[in-house]
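Here the structure is laid out as structure tokens; the discussion comes afterwards.
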Amino acid sequence: MTDHSPPGYRPETRLVHEGILRSEFGETSEALFLTQGHVYASAEECEARFKGESPGFLYARFSNPTVSMFEKRIAAFEGAEAARATASGMAAVTTALMGLLRAGDHVVAARALFGSCRYVIAELLPRFGVASTLVDGTNLAEWRAALRPETKVLFLESPANPTLEVIDIAAVAGIAREVGATLVVDNVFSTPVWQKPLALGADCVVYSATKHIDGQGRCLGGVILGSNEFIQNHVHTLLRQTGPAMSPFNAWVLLKSLETLSLRIERQTATAGRVADAIAGHPKVKRLIYPGRPDHPQADIIARQMSGGSTLIALEIAGEKAGAFRFLNALHLIRISNNLGDAKSLITHPATTTHQRFTPKERLEMGVSEGLVRLSIGLEHEDDLIDDLIEALDRV
Ligand SMILES: *Cc1c(COP(=O)(O)O)cnc(C)c1O
């Protein structure tokens, strides 16, 4: 088996070629190694593999050739030394945090979070003796004020799900460095195409590969990226011993999806920008938040830290929940779903879905009002999407 990893090519080229392990058959398309384990030429070779003295694969909970191809390719595109794939985005978030934290430690996180991330930080970690403080991520003074001697991890999403609030990653990374804490960034909403948190000073990036990386709504996956040292010291053993491994089948699907990632994100973002401009002035749109428009509350930070906009638009519809529901129900082309980053445009009402388990007060703190909807723009023609949206808004 040959490892064909051309060095020095540009990111888009690496999305197509990086990490390929070609078998003796010289296949064009990466092979799906649907195998739990491997056989060894001798007992001595088997012993050497287990001791880590001989390279090669052992068992699919530890590693697998198809999963390894996915990890190498996404690491190359992100500009990370190492990556580990996980069964889902939440497995990536939970493993990265559990790997870094011990009882007695403290975490500070931005309040505007995906519901499950908030559950892990505010409810799960405290059960194991890890305290957490949630802050307004856009307010650097709040990050500083929340720090304690035992603060070990800072966590944020930017843009946040679903409010598209943007946090100054370099500034928060600076605060983390001052106190020797690790900054973990959930980069799902910007995708690796538009934002590189490691280059901005973060120590670890996590993705739900279920979203834009798959991009066609087929399978769950996640990935944790960082330096070799970070992955080796904090992630490697925990992943191996606890088992939130990515299935080789999912890795194969996601690996092939990486080939088209930048193309899809560029097109979906361009369409989203035009859709946002076309509906922003509609009388039933109370507020529209789109990273890329000059009226985004953190437009200056976006200009500094993102190289493109977003495939997502947040809309505040007139008439609270009833107005938002009438709008969703009046759409024909854009479908009601909780997924995002898909080739199909999808729309979500976060207050009754992804964020329904929080109290109304907690939801408001996170910016999730009753009229808020999250629109994920796909690969359809922009005019068909605009027609569908305007027609539905007219009926609110
Ligand atoms: C979806 C999502 C996750 C969780 O990913 P899964 O693959 O569904 O487990 C984590 N963070 C953000 C920002 C997400 O949008």
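Just a few scattered comments:
- Qualifying position, being within 16 Å of the ligand (Cβ to nearest atom) and acidic (D, E), among E178, E123, E150: E123
- Residue match in segment 314-327 (condition: loosely packed, with under 14 Cβ neighbours inside 10 Å and assigned to a helix (DSSP H, G or I)): yes
- Any chance R73 is part of a helix (DSSP H, G or I), touching a helix residue (DSSP H, G or I) at 6+ places or on another chain (Cβ under 7 Å), at pLDDT 95 or above and in the same structural domain as L239 (by TED's automatic domain parsing): yes
- Residue list for segment 153-163, restricted to those being touching a Gly at 6+ places or on another chain (Cβ under 9 Å) and within 11 Å of the ligand (Cβ to nearest atom): L156, E157, S158, A160, N161, P162
- Segment 150-178 residues that are within 12 Å of P291 (Cβ to Cβ), paired with ones that are within 16 Å of the ligand (Cβ to nearest atom) and assigned to a helix (DSSP H, G or I) (beta carbon under 7 Å, 6 or more apart): S158/I169
- Residues of segment 199-211 that are more than 10 Å from the ligand (Cβ to nearest atom) and under 19 Å from P11 (Cβ atoms): A199, L200, A202, V205.
- Complete set of residues in segment 263-287 that are under 20 Å from I167 (Cβ atoms) and not in a helix (DSSP H, G or I): R287
- Residues being away from the ligand (no atom under 16 Å from the Cβ) and either assigned to a loop (DSSP other than H, G, I, E, B) or in contact with a helix residue (DSSP H, G or I) (Cβ under 6 Å, 6 or more places away or on another chain) (or both) - total across segment 81-106: 9
- Qualifying residue in segment 366-387 (condition: away from the ligand (no atom under 16 Å from the Cβ), part of a helix (DSSP H, G or I) and touching an Asp or Glu at 6+ places or on another chain (Cβ under 9 Å)): no
- Residue match in segment 124-136 (condition: in a helix (DSSP H, G or I), within 29 Å of A351 (Cβ to Cβ) and among the basic types (K, R)): yes
- Residue match in segment 187-198 (condition: aromatic (F, W, Y), outside any loop (DSSP other than H, G, I, E, B), within 10 Å of the ligand (Cβ to nearest atom) and touching a residue at least 12 places away in the same chain (Cβ under 8 Å)): no
- Any hit, segment 64-77, residues being under 16 Å from the mean Cα position of the chain (by Cα), within 16 Å of the ligand (Cβ to nearest atom) and over 25 Å from F249 (Cβ atoms): no
The values are calculated or read from the model by the stated rules, or taken from the named source; none is laboratory data. Predicted, not measured: the structure shown is a model, and the values here were computed from it. Note that each Cβ is placed from the backbone with ideal geometry, even for glycine, and that neighbours are counted across all protein chains shown.
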